[in-house]
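Visitor: Provided herewith is a single structure, encoded as structure tokens, for subsequent inquiry.
The values are calculated or read from the model by the stated rules, or taken from the named source; none is laboratory data. Keep in mind that what you see is a predicted model, and the values were worked out from it rather than measured. Don't worry about glycine lacking a Cβ; one is built from the backbone with ideal geometry, like all the others, and counts go over all protein chains shown. The protein model used for the area step is the full one, side chains on, heavy atoms only, and it has no ligands, DNA or RNA in it. Shrake-Rupley method; radii C 1.70, N 1.55, O 1.52, S 1.80 Å.
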Amino acid sequence: MPRVPAPTALPMTTRYRGRFAPSPSGRLHFGSLVAALGSWLLARAADGEWIVRIEDFDRERTVPGAAEDILATLHAFGLDSDTTPVRQSGRGALYRDALGRLAGAGLAYPCRCSRSDLAAFRGIHPPACVARGDDSRPPAWRLRVPDETIRFVDAIQGEQRQDLRREVGDFVLWRIEEAAAYQLAVVVDDAAQGITDVVRGADLLDSTPRQILLQRLLDLPTPRHAHLPLAVDGYGRKLSKQEQSLAVDATNPLPALRAALAFLGQATPRGGNVEAVLSHAVAAFDPARIPRAPSAPAPYAALRKDVS
Ligand code: GLU
């Protein structure tokens with residue numbers, strides 16, 4: 001097994017390009033608004049571009065109409081993509097090509113492990129496949145994970161390290177359902193779209209070493225990372241679309257916009273419209289004030305809008 005190749009550097013002259021990459025599995029909720037706003041603020045403060053990518057490669061989780069609803073809600077919050085949003089559902093050929101490169105180099109292999117095989121591994125697939133599953137179905141494809149620790153420095157969460165073989169195991173690149181897995185799709189798209197800075201919720205912090213490994217194996221540059229604090233409910237659980245958590249109200253964006261700014265440790269001007277609040281937020285933006293730790297948004301009850 002070759003060692004992990006050295007990182008490919010971002011070109012020094014590259015202009016900042018950030019992104020917000022929602023999965024259209026429901027309406028935009030407060031946690032996603034924080035991710036959208038945080039990535040937008042960091043991009044604007046760096047005089048950079050900000051784009052939206054719809055991560056709808058997982059057909060089972062995609063709710064019809066949710067992508068349009070999310071884009072319309074972002075628009076109501078003054079957060080418009082600088083380019084036409086790309087949808088992952090139309091990009092399968094790119095992901096398949098990346099899988100082919102990894103398989104061709106002996107770095108990916110087909111896996112027919114059954115659910116019970118996987119359960120026995122306790123979520124950490126070992127470097128060899130026991131393959132007792134049904135071979136009439138297409139296999140999943142996994143990455144052959146090298147025995148190395150991936151390290152990186154997150155701009156908000158600080159130094160990170162993960163021993164991929166022991167903590168994650170050989171992970172899925174291509175699912176039995178004949179679709180790219182999130183880790184592969186995100187790496188291919190971040191590179192294809194020239195993303196220099198990945199800013200997203202801290203729930204994805206532990207996916208980042210897998211993505212860095214894939215970038216190195218595919219000879220793609222690794223973007224900088226900043227993982228925003230997670231918005232949690234009163235029990236410390238992540239706000240999520242699938243759990244029908246608090247959707248933000250696109251017809252009355254200011255309360256949620258101010259709450260999201262406060263959540264990110266930023267000043268929240270009184271009065272004004274969305275545009276004025278956003279331009280004040282960019283002018284007064286101080287990334288050092290973004291907290292690391294998860295918390296519940298302050299005016300929690302005020303954000304509530306029943307989700308149908
Ligand atoms: N699509 C993912 C989500 O909605 C985010 C992916 C990313 O930012 O890398 O949770």
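Visitor: Which residues, taken from the stretch 201-235, are open to solvent by less than 50 Å² (accessible area, probe 1.4 Å), over 16 Å from the mean Cα position of the chain (by Cα) and modelled with pLDDT under 95?
Guide: Residues satisfying the conditions are Val232, Asp233.
Visitor: With respect to the numbered conditions (1) farther than 14 Å from Asp189 by Cβ; (2) in contact with a Phe, Trp or Tyr (Cβ under 9 Å, 6 or more places away or on another chain); (3) open to solvent by 70 Å² or more (accessible area, probe 1.4 Å), which one is the sole condition not fulfilled by Arg96?
Guide: (1)
Visitor: Right, here's the next one. Are any of the residues in the stretch 61-68 within 23 Å of Arg175 (Cβ to Cβ) and more than 16 Å from the ligand (Cβ to nearest atom)?
Guide: Scanning the stretch 61-68, I find at least one residue that is within 23 Å of Arg175 (Cβ to Cβ) and more than 16 Å from the ligand (Cβ to nearest atom), so the answer is yes.
Visitor: Conditions: (1) farther than 15 Å from Leu278 by Cα; (2) touching a residue at least 40 places away in the same chain (Cβ under 8 Å); (3) of a type in the set (Ser, Thr, Tyr). Ser39 meets all but one. Number of the miss?
Guide: Among (1) farther than 15 Å from Leu278 by Cα; (2) touching a residue at least 40 places away in the same chain (Cβ under 8 Å); (3) of a type in the set (Ser, Thr, Tyr), Ser39 violates only (1).
Visitor: Further, regarding this structure: Residues being part of a loop (DSSP other than H, G, I, E, B), charged (D, E, K, R) and more than 14 Å from the ligand (Cβ to nearest atom): count how many of those fall in the stretch 11-50.
Guide: 2
Visitor: Moving to a separate point now. Taking the stretch 183-197, which residues are under 23 Å from Glu167 (Cβ atoms) and surrounded by fewer than 22 Cβ atoms within 10 Å (Cβ to Cβ)?
Guide: Hit for the stretch 183-197 is Gln183, nothing else.
Visitor: It is to be established whether one or more residues within the stretch 142-149 are touching a Phe, Trp or Tyr at 6+ places or on another chain (Cβ under 9 Å), in contact (Cβ under 8 Å) with a residue 12 or more places away in the chain, away from the ligand (no atom under 12 Å from the Cβ) and not in a loop (DSSP other than H, G, I, E, B).
Guide: Yes, the stretch 142-149 contains a residue that is touching a Phe, Trp or Tyr at 6+ places or on another chain (Cβ under 9 Å), in contact (Cβ under 8 Å) with a residue 12 or more places away in the chain, away from the ligand (no atom under 12 Å from the Cβ) and not in a loop (DSSP other than H, G, I, E, B).
Conditions tested, residue by residue: (1) within 11 Å of the ligand (Cβ to nearest atom); (2) over 24 Å from Gly90 (Cβ atoms).
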{"position": "Glu167", "(1), (2)": "no, yes"}
{"position": "Leu173", "(1), (2)": "no, no"}
{"position": "Gly194", "(1), (2)": "no, no"}
{"position": "Asp203", "(1), (2)": "yes, yes"}
{"position": "Leu213", "(1), (2)": "no, yes"}
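Visitor: Need the failing condition index for Gln162 against (1) within 15 Å of the ligand (Cβ to nearest atom); (2) of a type in the set (S, T, N, Q); (3) touching a helix residue (DSSP H, G or I) at 6+ places or on another chain (Cβ under 7 Å), just the number.
Guide: Among (1) within 15 Å of the ligand (Cβ to nearest atom); (2) of a type in the set (S, T, N, Q); (3) touching a helix residue (DSSP H, G or I) at 6+ places or on another chain (Cβ under 7 Å), Gln162 violates only (1).
Visitor: Assess whether Ala185 counts as being touching a Lys or Arg at 6+ places or on another chain (Cβ under 6 Å), within 16 Å of the ligand (Cβ to nearest atom), within 25 Å of Arg27 (Cβ to Cβ) and at pLDDT 90 or above.
Guide: For Ala185, the condition - touching a Lys or Arg at 6+ places or on another chain (Cβ under 6 Å), within 16 Å of the ligand (Cβ to nearest atom), within 25 Å of Arg27 (Cβ to Cβ) and at pLDDT 90 or above - is not met.
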